[in-house]
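Please read the structure below before turning to the comments.
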Amino acid sequence: MKKCLMISALALSVCLLGGCDFFRQLAGRPTSRDIAAKRERIEREAEAHQRRLDSLKAVQKQISDSLATLDSLRESKESIISTRQLATRGSYQPEYQYYVMIGAFSSTANAAKQAAKAEAAGYPATTIPFRNGFFAVGICPSNSLTEVYASLRKLRKERFCPKDAWILNNERL
């Protein structure tokens, strides 16, 4: 009877005092609210970590694609020319990092004719002045080497595209 009374008193105190959290708090242990908050914090940190890992994987894939493209360019002996070697400084800076160049002309009229051919085929053209006085016609601008290389390969099948088309690397200094 005494045991029954003791158990009943303990059960009543647990119910009235808030359950296990009361005893956890007395013992200096985390309560269920603390545990839930910690669980949420751990989940947020895990999600943030996963986002960082996904971002890292995307960058690794980009690097891998660029290296594969460079290998393909090297094997096919395509030309990549840097603006440091050819373009004018300061007065004109192309908007994108890479262009497929479909001709370089000493006459602006000839460059305009080549640009018109490209535009008639559905490729907006940009005329880029060079330090040596030539005017080059660039199409299919991109900030991705992989994309511009794919464009070059596609353009080689176009009637207006010369066989010696090359890629211009507009290095931003």
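The numbers here are math on the coordinates, done by the rules we state, and not lab data. Predicted model, so just to flag it, every value in this text is computed and none were measured. For neighbour counting, all protein chains shown are included, and Cβ atoms are generated from backbone atoms with ideal geometry for every residue, glycine included.
Starting from the Cα-Cα distance between Phe160 and Ala36, subtract it from 0.36 nm times their residue separation and give me the gain in nm to one decimal.
38.0 nm
Straight-line reach from Lys157: which lysines have a Cα under 17 Å away, not including same-chain ones fewer than 8 places off?
Within reach: Lys117.
Please compute the modelled spin-label separation between Ala116 and Ala27, points set 7 Å along Cα→Cβ, answer in nm with one decimal.
8.9 nm
Using label points projected 7 Å from each Cα along Cα→Cβ, tell me how many nm separate Gln50 and Phe134, to one decimal.
Those two pseudo-labels are separated by 5.3 nm.
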